[in-house]
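Undergrad: Structure in structure tokens, see below.
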Amino acid sequence: MKSLKVNKPFVLTAIAFACYYSVELCAIGFATVFLRDEGVSKAGSGTIVAASCIIAALLQPALGRLCDKIPKLDWKRMSTVMALILLACFTGSLLTKGAVLVAFYFAVIIFPLCINPFLNESCFYYGRRGINVNFGVVRGLGSF
């Protein structure tokens with residue numbers, strides 16, 4: 001059996017995946033409960049989650065192309081910017097009510113989904129530099 005080499009990038013990537021899945025699964029998992037508390041119907045909260053997922057699916061390749069076109073904008077910077085926006089949206093969703101809260105909640109679902117491809121890229125980035133970060137193991141640890 002091949003041993004698992006643990007290095008700093010491996011640990012940091014595993015932590016990033018774990019944090020990512022914690023945020024994303026909580027945002028989607030509690031969407032109905034959170035939005036119902038604000039008076040949104042079950043169908044409305046489902047529509048919000050579905051629309052957010054569709055928007056994120058459309059944004060992911062656009063953000064990837066943006067990173068490809070702007071040399072100084074790499075996966076690290078893009079992930080950091082989106083994480084900061086996400087933090088602001090989480091904070092905003094706790095401090096507002098009504099339609100503004102629903103808009104923030106759209107973003108709370110969209111931004112983590114848009115971060116996902118850049119997080120995946122982290123494993124391949126290190127691999128290209130000769131640092132072993134086993135994507136399957138890191139992804140599994142994140143899901144765990």
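Undergrad: At a Förster radius of 22 Å, what calculated FRET efficiency corresponds to the Cβ-Cβ distance of A50 and L25, to the nearest 0.05?
TA: Between A50 and L25 the formula returns 0.85.
Undergrad: How far, in degrees from 0 to 90, does helix 42-69 lean away from the longest principal axis of the Cα atoms of the chain, to the nearest 10?
TA: That helix lies at roughly 40 degrees to the long axis.
Undergrad: When the chain is fully extended, how far beyond the present Cα-Cα distance does R36 get from A62, taking 0.36 nm per residue of separation?
TA: Between R36 and A62, full extension yields 6.2 nm more.
Undergrad: A follow-up question, please. Might you tell me the accessible area per residue for the chain, computed with a 1.4 Å probe and given in Å²?
TA: I get 59 Å² per residue for this part.
Undergrad: Please give the contour-minus-distance gain from R128 to K72: 0.36 nm per residue of separation, less the Cα-Cα distance, rounded to one decimal in nm.
TA: 18.3 nm
Undergrad: For a quick size check, give me the Cα extents of the chain along its three principal axes, largest first, whole Å.
TA: 52, 38, 24
Undergrad: Accessible area of C67, 1.4 Å probe, to the nearest 10 Å²?
TA: 20 Å²
Undergrad: Can you send over the solvent-accessible area of E38, 1.4 Å probe, protein chains only, in Å² to the nearest 10?
TA: 50 Å²
The values are calculated or read from the model by the stated rules, or taken from the named source; none is laboratory data. Keep in mind that this is a model prediction, so the values were computed, not measured. Counting neighbours? That spans all protein chains shown, and the Cβs are built from the backbone with ideal geometry, glycine included. Areas reflect the complete protein model, heavy atoms only, side chains present, ligands, DNA and RNA absent. Shrake-Rupley method; radii C 1.70, N 1.55, O 1.52, S 1.80 Å.
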